[in-house]
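Pasting a structure below so you can have a look.
No lab work stands behind these numbers, since they all come straight from the coordinates. If you're wondering where the values come from, they're calculated on a predicted model, not measured in any experiment. Cβ: placed from backbone, ideal geometry, glycine included. Neighbour counts: every protein chain shown.
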Amino acid sequence: MGTHHYNLTEQFEFTGKAKILSIVGIVLGVAAIAYGFMSGAHERTFANLLLMAYYFACVCMSGAFFLAVQFVAQAGWSASILRVPQAMAKVLPLAVIILLVVIGLGLYTHNLYHHWNAPGLTDPNSPNYDKLIDGKSAFLNVPFFMARQVIFLGVYSIFAVLLAKWSNNEDLAGGLNSYRKSFKYSCVFLVIYGFTTPIFAFDTIMSLEAHWFSTMFGWYNFAAMWVSSLATIAVIIILLKKSGYMSWVNNSHLHNLGQFIFGFSIFWTYVWFAQFLLIYYANMSEETVYFYKRFNGYEFWFYLNLALNFLSPLLLLMDRDNKRSENILLTVSIIVLVGHWVDYYQMIMPGIFELGTASGSGFGILEVGTALGFIGLFTFAVLTALSKKPLIAKNHPFLQESLNHHL
Amino acid sequence: MSNIKYILGSFGDPDEMMHGIEKLQENNIKIHDVYTPMPIHGIEAKLGVKRSRLDIAAFFFGITGTITMLTGVYLATAVDWPINIGGKTHFALPDFIPITFELTILFCAFGLVGSYYASTHLFPGRAPRVMDLRATNDRFIIAIDAKQNIEHTKIDELLKGAGALEVKYNERKYVSYE
């Protein structure tokens with residue numbers, strides 16, 4: 001065991017360019033959303049808000065998932081980087097509130113989920129009566145839907161905040177109590193998370209097109225949120241390292257993160273393809289309608305999605321030296337993050353907008369502005385949370401293993 | 001001149017063996033190879049072992065599998081015996097992705113097993129090449145080429161000084177299972 005002289009009380013200072021840029025991002029986002037509502041494109045603005053609020057919440061809750069996975073696996077390598085996913089987990093309650101407000105307002109104003117939430121859909125005497133939706137109404141009705149959202153997201157938030165809190169207690173008190181508690185509750189959290197995220201994805205995204213369903217959709221979304229969260233963690237760590245913090249992170253830690261991003265990008269492709277292939281092969285019209293919409297008007301996004309999320313990690317991260325290089329890992333992580341925006345974009349937009357309608361979707365100020373706004377908000381909130389505590393959990397039982405990590 | 005081909009330092013402790021490697025390197029004595037019953041962290045860097053090219057081999061074995069399957073499927077379904085299946089094109093690529101994936105993995109796995117056998121000279125009928133039988137059990141062995149390094153007494157002293165339990169002078173390179 002080598003001896004190291006790292007500053008274990010190092011704390012991140014959130015000032016300067018990062019702070020200004022994140023505030024500029026938030027201002028741009030608010031301006032873009034205001035512009036969206038004032039120009040009358042309510043539905044498109046809501047679709048963008050849902051996209052980014054979902055992305056934001058998913059990245060944060062997968063930060064908590066990352067923590068839980070590390071505890072349950074009793075992983076040693078990650079002990080020195082846990083403060084980054086902890087900061088993301090601490091931001092989850094904020095992300096949850098934003099997502100719930102967007103969903104609630106979207107339901108209330110009928111800008112979102114109008115495939116199953118419109119007047120008369122479940123009334124047999126109404127001209128709008130829809131037998132399929134009526135059959136699903138025991139599950140897809142506003143009170144039960146909102147209750148599920150609140151319960152799932154609330155439970156994730158509680159676990160996320162607790163896991164971060166115990167780690168802070170560990171800093172102060174030392175000992176193994178916090179670690180044992182984190183381990184136990186991580187096991188519980190993983191079970192809850194594993195069973196409920198597919199339902200969460202069915203509700204939030206798949207029910208936008210309530211006539212269509214796919215049982216793979218939940219895992220497809222799980223893979224997307226998990227890999228985008230891993231990419232976010234990698235981006236934050238590399239940028240911190242580049243600005244002089246976290247000197248203990250060596251290229252073996254980056255290698256592990258790179259393996260995670262590589263592996264789960266392949267996993268994302270696997271579930272994406274598992275969903276696509278069965279629909280393509282069986283060729284049943286009630287299922288193929290989903291891809292019909294995406295092949296007519298959204299072909300560019302459809303293929304861009306695969307290029308960004310499958311081909312680029314596959315080709316750029318396959319080599320060992322690339323996984324260990326700060327710059328290449330940073331580039332691929334950003335590509336993957338953009339890629340999952342495209343992924344969510346083509347999950348949400350074709351289902352809401354009929355092609356060729358006036359208020360139809362597109363790619364412009366609204367999309368870019370909303371994305372910048374949420375990136376700014378995420379950066380601001382996560383870096384504020386990060387600056388509150390030292391950048392290393394100094395009493396983590398596996399800290400020495402992580403500081404000496406070498407592959 | 002003696003018939004000694006290899007000098008083997010036999011250690012009971014991996015840390016002492018690592019120390020012995022350092023001592024020999026300080027005295028510019030070239031180490032032929034080191035045999036240990038378990039992987040030792042950081043030994044490759046210390047001995048200057050070149051990085052394995054197994055990953056490059058794996059890539060090419062894999063890509064051979066991909067090309068073989070796609071060619072085979074194309075010849076079978078589009079050239080040799082085209083059948084209309086569900087109105088799809090004869091060479092409907094998505095249908096054949098899973099089996100292409102399987103063959104990629106299969107070629108990769110078999111290719112790597114073959115590479116491993118070829119590089120370690122392990123194949124049926126071949127006696128395994130072992131320099132010291134206890135290297136597979138409880139001893140950590142440093143092997144030094146006795147023809148290239150002629151200061152035998154110095155090597156003996158260095159090895160024993162580092163904690164070698166035993167120093168052997170072998171007249172044969174390998175002591176195979178007989």
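Can you give me the Cα centroid spacing of the range A:68-142 and the range B:23-93 in angstrom?
First find each Cα centre; the distance between them is then 43 Å.
Using +1 on the beta carbon of Lys and Arg, -1 on that of Asp and Glu, and nothing else charged, what's the dipole of the range A:1-145 about the Cα centre, debye to 20?
The calculated dipole for the range A:1-145 is roughly 280 debye.
With charges set only on the Cβ (+1 for Lys and Arg, -1 for Asp and Glu), what does the dipole of chain A come to about its Cα centre, in debye to the nearest 20?
I would put it at about 1200 debye.
Cβ under 13 Å from residue B:59's Cβ, residue B:59 left aside: what net charge do those residues give with Lys, Arg +1 and Asp, Glu -1?
Net of charged neighbours comes to 0.
Here's another thing I want to ask about it. Would you work out which of A:25, A:66, A:297 lies farthest towards the positive end of the dipole of the range A:21-387? Charges go on Cβ: Lys and Arg +1, Asp and Glu -1.
Farthest towards the positive pole: A:66.
Per DSSP H run of n ≥ 4, the term is -39500 (n - 2.57); total these for chain A, divide by its residue number, and report the mean residue ellipticity at 222 nm rounded to 500 deg cm²/dmol.
-24000 deg cm²/dmol
Choose one of A:107, A:91, B:70: the residue whose Cα lies farthest towards the positive end of the charge dipole of the protein assembly as shown (beta-carbon charges +1 Lys, Arg; -1 Asp, Glu; about the Cα centre).
In the protein assembly as shown, that residue is A:91.
Continuing with this model, one more query. Tell me which lysines have Cα within less than 17 Å of residue B:173's Cα, excluding those fewer than 8 residues away on the same chain?
Candidates past the 8-residue exclusion: B:5, B:30, B:147.
For the range B:73-123, compute Rh as the Kirkwood radius over C-alpha pairs and then the Stokes-Einstein diffusion coefficient at 37 °C and 0.692 mPa s; write the answer in µm²/s, rounded to an integer.
Approximately 248 µm²/s, per Stokes-Einstein.
With the Cα gyration tensor of the range A:167-240 giving a ≥ b ≥ c as the square roots of its eigenvalues, does the rule (a/c under 1.5 for rounded; else a/b larger than b/c for prolate; else oblate) give rounded, prolate or oblate?
Taking the square roots of the gyration eigenvalues as a ≥ b ≥ c, the range A:167-240 is oblate.
Right, here's the next one. What does the charge add up to near residue A:283, with Lys and Arg as +1, Asp and Glu as -1, over the other residues with Cβ less than 14 Å from its Cβ?
-2
Where in chain A lies the longest segment free of GluC sites (Glu not before Pro) that are both loop residues by DSSP (not H, G, I, E, B) and have at most 16 other Cβ atoms within 10 Å?
Result for the longest clean stretch: A:14-353.
Please work out whether the range A:1-107 counts as rounded, prolate or oblate from its C-alpha gyration tensor, where a ≥ b ≥ c are the square roots of the eigenvalues and a/c under 1.5 means rounded, while otherwise a/b larger than b/c means prolate and anything else oblate?
oblate
Please sort by residue number the trypsin sites (Lys or Arg not before Pro) in the range B:32-117 whose DSSP state is loop and whose Cβ has at most 12 other Cβ atoms within 10 Å.
Those that pass, being in a loop and sparsely packed, are B:50, B:51, B:53.
If you don't mind, there's one more thing I want to ask. Could you work out the relative contact order of chain A, using alpha carbon pairs under 8 angstrom and six or more residues apart, expressed as a whole percent?
35 percent
Further question on the same structure: Over the range B:54-120, what is the relative contact order in percent, taking alpha-carbon pairs closer than 8 angstrom and at least six residues apart?
The normalised contact order for the range B:54-120 reaches 52 percent.
Past 20 Å, Cα to Cα, is the threshold; run A:17/A:90; A:19/A:388; A:17/A:242; A:165/A:388 against it and keep the listed order.
A:17/A:90
OK, next. Would you work out if chain A is rounded, prolate or oblate? Take a ≥ b ≥ c from the square roots of the eigenvalues of the alpha-carbon gyration tensor; rounded if a/c is under 1.5, else prolate when a/b is larger than b/c, oblate otherwise.
Taking the square roots of the gyration eigenvalues as a ≥ b ≥ c, chain A is prolate.
Here's something else I'd like to know. List the aspartates and glutamates whose Cα lies under 14 Å from the Cα of residue A:181, skipping any in the same chain that are fewer than 8 positions away.
Counting by Cα, and skipping residues close in sequence, residue A:181 has these aspartates and glutamates nearby: A:170.
Let me ask something additional. Compare the Cα positions of B:101, A:81, B:112 along the charge dipole of the protein assembly as shown (+1 at Cβ of Lys, Arg; -1 at Cβ of Asp, Glu; about the Cα centre) and return the one farthest towards the positive end.
So the residue furthest toward the plus end is A:81.
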